[in-house]
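Peer 1: Have a look at this one.
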Amino acid sequence: MLKVLSRPQFPLFTSVLTRSLSGDSGLPKFRDVSDSLLDNIKSHGSGHYVQLTGQYYDLDPTLTRNIVLKVGNDLGKNFKPITIMDAALSMQESKTLTDILVDSHECRFLSTGEVDSVGLNDWSYGYMLNPYFAIFTPDSLILHQSTENRSLLQLHPRKECSMAHKVWMKDVRTVFVDFKDRPWSTQTLGFRLVGDQMDILTHENDFLSNYDPDLSEPSREELGEVMLNTEWIIKTAAQLVHVLRVNGNNRKISLLIPKVVQADQNPWVELRNSIWSDQVSVKLEKSKGSYIP
């Protein structure tokens, strides 16, 4: 397994410098990373691979943490994650990595998604989008879209859900993210059906260092830290809503999230949403004239 990263110091807001492009960053060159990746893929053999990105990489905002897992020998079967690569890459390097995986004879299926790590924290949960939606841990599946019927969700036994369940997407009314009281370090993702509610996962966060119990209202730093450390679970909830709307043929499914991570209550969320909106606008502008009906 290739492991090229070292753990940074927190809090996250203290690190704003970008790495030098002179090669003095201490990170290996991309050629070395890609060569090692190919060697590892060949040694682990053909199967289903997943390329995942982390959340904020505070050591260098021009880089993103990329993790490659092998999750089984076939699509949707024998889900057993094995870490093949863990490296910080630029956007272009990440795209090149995707091409390398697609061109590899051993990669029978390639999925993409995200993990919940901020910086270089160990990740606890991830999701993948294609060719079916799934939420998982480093050890096992939590929830996945049935490979035989795309309008069916399968939940696997966990402490939040002691029995295996099958849920028809058309029966889901609401996806929710719920935080316990401040400092909001415990977050729950789940959904509500008619007359029932199911918790999918509970996320425990240990990196809320700006919480001050003596303050009646959260500081700007605390609000920023909450936004950073809940990014993955909010994204996952939004992705789940999209999957349910498309495959469950139910456009009325709603998403409920706590006020502290809503744009009108948290200036950092408002700023992030503005950046995302600008990025989408740029992509749409670049795509003009390239559409082929």
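The values are calculated or read from the model by the stated rules, or taken from the named source; none is laboratory data. A quick note: this is a predicted structure, and the numbers were derived from the prediction, not measured. Heads up, the Cβs are rebuilt from the backbone with ideal geometry, glycines too, and the neighbour counts pull from every protein chain shown. Only protein heavy atoms, including side chains, enter the accessible area calculation; ligands, DNA and RNA are left aside. Shrake-Rupley method; radii C 1.70, N 1.55, O 1.52, S 1.80 Å.
Peer 1: Checking LEU201 against (1) under 23 Å from HIS165 (Cα atoms); (2) modelled with pLDDT of 85 or more; (3) open to solvent by 30 Å² or more (accessible area, probe 1.4 Å); (4) not charged (D, E, K, R), which single condition isn't satisfied?
Peer 2: (3) is the only condition that LEU201 fails.
Peer 1: Only residues that are open to solvent by 50 Å² or more (accessible area, probe 1.4 Å) and either charged (D, E, K, R) or free of Cβ contacts under 8 Å to residues at least 12 places away in the same chain (or both): list them for region 233-252, please.
Peer 2: If the condition is that a residue be open to solvent by 50 Å² or more (accessible area, probe 1.4 Å) and either charged (D, E, K, R) or free of Cβ contacts under 8 Å to residues at least 12 places away in the same chain (or both), then HIS242, ARG245, VAL246, ARG251, LYS252 are the ones that fit.
Peer 1: Now a separate question. Consider region 146-175. How many of its residues are closer than 27 Å to LEU228 by Cβ and modelled with pLDDT of 90 or more?
Peer 2: Of the residues in region 146-175, the ones closer than 27 Å to LEU228 by Cβ are 158-160, 174-175.
Applying the additional criterion that residues be modelled with pLDDT of 90 or more yields 174-175.
Going through region 146-175 one residue at a time, the tally reaches 2.
Peer 1: Related question: Read through the list (1) in a helix (DSSP H, G or I); (2) closer than 18 Å to SER185 by Cβ, then give the number of the only condition that LEU240 fails.
Peer 2: Result: LEU240 passes all but (2).
Peer 1: Exactly one of these conditions fails for TRP168: (1) within 16 Å of the chain's Cα centre (by Cα); (2) closer than 16 Å to PHE191 by Cα; (3) hydrophobic (A, V, I, L, M, F, W, C). Give me its number.
Peer 2: Status for TRP168: all satisfied but (1).
Peer 1: Kindly list the number of the only condition in (1) among the aliphatic types (A, V, I, L, M); (2) under 23 Å from LEU201 (Cβ atoms); (3) surrounded by 22 or more Cβ atoms within 10 Å (Cβ to Cβ) that fails for LEU141.
Peer 2: Of the numbered conditions (1) among the aliphatic types (A, V, I, L, M); (2) under 23 Å from LEU201 (Cβ atoms); (3) surrounded by 22 or more Cβ atoms within 10 Å (Cβ to Cβ), the odd one out for LEU141 is (3).
Peer 1: Pairs please, first residue from region 40-67 and assigned to a helix (DSSP H, G or I), second anywhere and modelled with pLDDT of 90 or more and open to solvent by less than 30 Å² (accessible area, probe 1.4 Å), Cβ atoms under 6 Å, 6+ apart in sequence or on different chains.
Peer 2: Every condition considered, the pairs that remain are ASN40/ILE84; ILE41/SER104; HIS44/LYS70.
Peer 1: Right, something else. Are there any pairs with C-beta distances below 6 angstrom linking a residue in region 176-187 that is over 15 Å from GLU225 (Cα atoms) to a residue that is part of a strand (DSSP E or B) and of a type in the set (Gly, Ala, Ser), with the two at least 6 apart or on different chains, and if so which?
Peer 2: These pairs meet every condition: PHE176/GLY190.
Peer 1: Can you name the residue in region 101-133 that is more than 22 Å from ASN229 (Cβ to Cβ) and free of Cβ contacts under 8 Å to residues at least 24 places away in the same chain and is also least open to solvent (accessible area, probe 1.4 Å) among such residues?
Peer 2: Step by step, filter region 101-133, then rank; the result is ASN130.
Peer 1: With the structure loaded, tell me whether THR230 is touching a residue at least 40 places away in the same chain (Cβ under 8 Å), under 21 Å from GLN55 (Cα atoms) and touching a helix residue (DSSP H, G or I) at 6+ places or on another chain (Cβ under 8 Å) or whether it fails that test.
Peer 2: Yes; evaluated as a whole, the condition is true for this residue.
Peer 1: When only residues in region 72-86 that are in a strand (DSSP E or B) and at pLDDT below 90 count, which is most open to solvent (accessible area, probe 1.4 Å)?
Peer 2: LYS77
Peer 1: Would you check if SER209 is within 24 Å of VAL115 (Cα to Cα), within 23 Å of the chain's Cα centre (by Cα), at pLDDT 90 or above and open to solvent by 20 Å² or more (accessible area, probe 1.4 Å)?
Peer 2: Criteria not met by SER209.
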